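Step one of this worksheet: look at the structure below.
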Amino acid sequence: MGLLSSDQLQFFNSQGYLVIESFAGEDEIEGMMKRMEQLVDNFDPSSTASIFSTKNQQKLTDDYFFDSVERVSFFFEEKAFGNNGDLKQPKQLSINKVGHALHEIEPAFKKFSSSQKFSSLMHSLGYKRPAVMQSMYIFKQPGIGGEVVPHQDSSFLYTEPQTCTGLWLAIEDATKLNGCLWAIPGSHKNGLVRRFLRDENGVKFDRPSPSYDQKDFVPIEVKSGSLVVIHGDLIHQSFENLSPKSRHAYSLHVVDTDGCKWAPENWIRRKVEPEPLYVS
């Protein structure tokens, strides 16, 4: 489990993504869902709501975002707040994502990314010392789950040479109705379009996004437990969730730490190297 066949590797290298069905078992999925439910239940929205509902508090927002790399932090949907600054619905239906250190702090999530099958998958992709740099639990809330515009993961997590791979685990079924992933097959072959840089003023892209023809995108509909492996240069997106069903997913991003340089201008600035994932 986790080792890729030659056909799977060929598909990934050709298309820039790969779906591995039933990568996670029902017990793993249930364990992550239950733990996330507990985390959300224990979260006090008033502690951070003002940060995200007031546009002139950019520095507070940036600091909360930067600090999240070593914490379990909560980020709201853009449409979660009313004009008065209060949540329009319960917090359980208002959070966009939780990140970015679930894989380091929370046992149910750490267990998944430190598993034999996870490590074997990365080594079958050619990684020598793979390390998870960030993790996110994404809710894609019913009715208000926001759009994720076309992007490449390597823009945010750049190494020289480039080694970023996205791993997107469907916690719930993902369909065209509730906001599944869409990708342009083979687009990874065109290279990295732009980078997301951090400096003393915050974060920004180094150039505008190109425009893409929506006809070039294909939907990646998957069942719960399926893992979507995403090349760092693949153009992918997801649309708003206008359905009555959520679309939970657990997303991780991995880079190699062997013979690769972590770009200092990435948004993540680590004090120490992340612990590599070894095959046990």
- Item | segment 243-249 - phi-based ³J(HN,Hα) in whole Hz, Karplus 6.51/-1.76/1.60, Gly and Pro as x | 8, x, 10, 6, 9, 5, 8
- Note on the structure: Over the Cα atoms of segment 77-217 the radius of gyration and the largest Cα-Cα distance (Dmax), both in Å, equal 17.4, 51
- Chain lengthening between residue 116 and residue 78 when straightened (0.36 nm per residue, less Cα-Cα): 9.9 nm
- Message: Beyond a 20 Å Cα-Cα separation, which of these cross-linked pairs lie in this structure: 91/245; 97/128; 128/189?
- Response: 97/128; 128/189
- Message: Sorted from largest to smallest, which semi-axis lengths in Å does the alpha carbon gyration tensor of segment 203-274 give for its equivalent ellipsoid, taking the root of 5 times each eigenvalue?
- Response: 28, 19, 14
- Got the relative contact order for the chain handy, in percent, Cα pairs under 8 Å and 6 or more residues apart? 28 percent
- Query: For the residue pair residue 34 and residue 3, what label-to-label distance in nm results when each label sits 7 Å from Cα along the Cα-to-beta-carbon direction?
  - Reply: 3.2 nm
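When the accessible area of segment 112-158 is split by element with a 1.4 Å probe, what percent falls to carbon and sulfur? Walk me through the numbers before you get to the answer.
Working: 740 of 1310 Å².
It is 56 percent, rounded to a whole number.
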- Task: Tell me what the chain gives for mean residue ellipticity at 222 nm when only DSSP H runs of n ≥ 4 count, each as -39,500 (n - 2.57), the sum divided by the residue total, rounded to 500 deg cm²/dmol.
- Result: -6000 deg cm²/dmol
- Hydrodynamic radius by Kirkwood, which averages 1/r over all alpha carbon pairs of segment 123-194, in angstrom: 14.7 Å
- Task: Would you mind telling me the share, in percent, of accessible area of segment 8-50 contributed by carbon and sulfur at probe 1.4 angstrom?
- Result: 44 percent
- Cα convex hull volume per residue for segment 58-147, in Å³, equals 138 Å³
- Keeping all protein chains in place, calculate the accessible area per residue for the chain (probe 1.4 angstrom), answer in Å². 49 Å²
- Once both labels are modelled 7 Å past Cα along the beta-carbon direction, what's the residue 92-residue 47 spacing in nm? 2.0 nm
- Work out, step by step, the length gained on full extension between residue 61 and residue 199: first 0.36 nm times the residue separation, then minus their alpha carbon distance; give nm to one decimal. 48.2 nm
- In the full protein assembly as shown, how much of residue 269 is accessible to a 1.4 Å probe, in Å² to the nearest 10? 120 Å²
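The values are calculated or read from the model by the stated rules, or taken from the named source; none is laboratory data. It should be emphasised that the depicted structure is a prediction, and the values quoted were computed from it without experimental measurement. Glycine gets a Cβ as well: all are built from the backbone with ideal geometry, and neighbour counts include every protein chain shown. Surface accessibility is based on the protein's heavy atoms, side chains included, excluding ligands, DNA and RNA. Shrake-Rupley method; radii C 1.70, N 1.55, O 1.52, S 1.80 Å.
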